[in-house]
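Enquirer: Would you mind keeping the following structure in view while I ask a few things?
The values are calculated or read from the model by the stated rules, or taken from the named source; none is laboratory data. Being a predicted model, the structure only gives us computed values, none of them experimental. As a convention, Cβ positions derive from the backbone with ideal geometry for all residues, glycine included, and neighbour counts pool all protein chains shown. Accessible surface areas use protein heavy atoms only, side chains included; no ligands, DNA or RNA. Shrake-Rupley method; radii C 1.70, N 1.55, O 1.52, S 1.80 Å.
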Amino acid sequence: MIKKKQKPQTSTGQRSLSHKTIRRHMPLRAADVKNSVKNILLWNSYLPSDCVKTMVRMGWDYTT
């Protein structure tokens, strides 16, 4: 007997957390901004600019 895979059920009112949702709720302190700038400058030294822009859009500059 072969069992069919069932899709996980989620309620319609439930939202998954996206990088936009998480980033919006991040407290920004002066130290966070300084660390973000440092990360972006470093990444720009060896990564393509479109890659860095995507990383920043995802909030990695604050979380890394």
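Enquirer: Conditions first: (1) open to solvent by less than 70 Å² (accessible area, probe 1.4 Å); (2) modelled with pLDDT of 90 or more. N44 passes all but one, so which condition is the exception?
Expert: With (1) open to solvent by less than 70 Å² (accessible area, probe 1.4 Å); (2) modelled with pLDDT of 90 or more applied to N44, the lone miss is (1).
Enquirer: While we're here: Got a sec? Which of R29, R23 is within 14 Å of T63 (Cα to Cα), at pLDDT 50 or above, open to solvent by 100 Å² or more (accessible area, probe 1.4 Å) and not aliphatic (A, V, I, L, M)?
Expert: R29
Enquirer: Can you pull out the residues in the range 48-62 that are open to solvent by less than 70 Å² (accessible area, probe 1.4 Å) and either in contact (Cβ under 8 Å) with a residue 24 or more places away in the chain or among the acidic types (D, E) (or both)?
Expert: G59, D61, Y62
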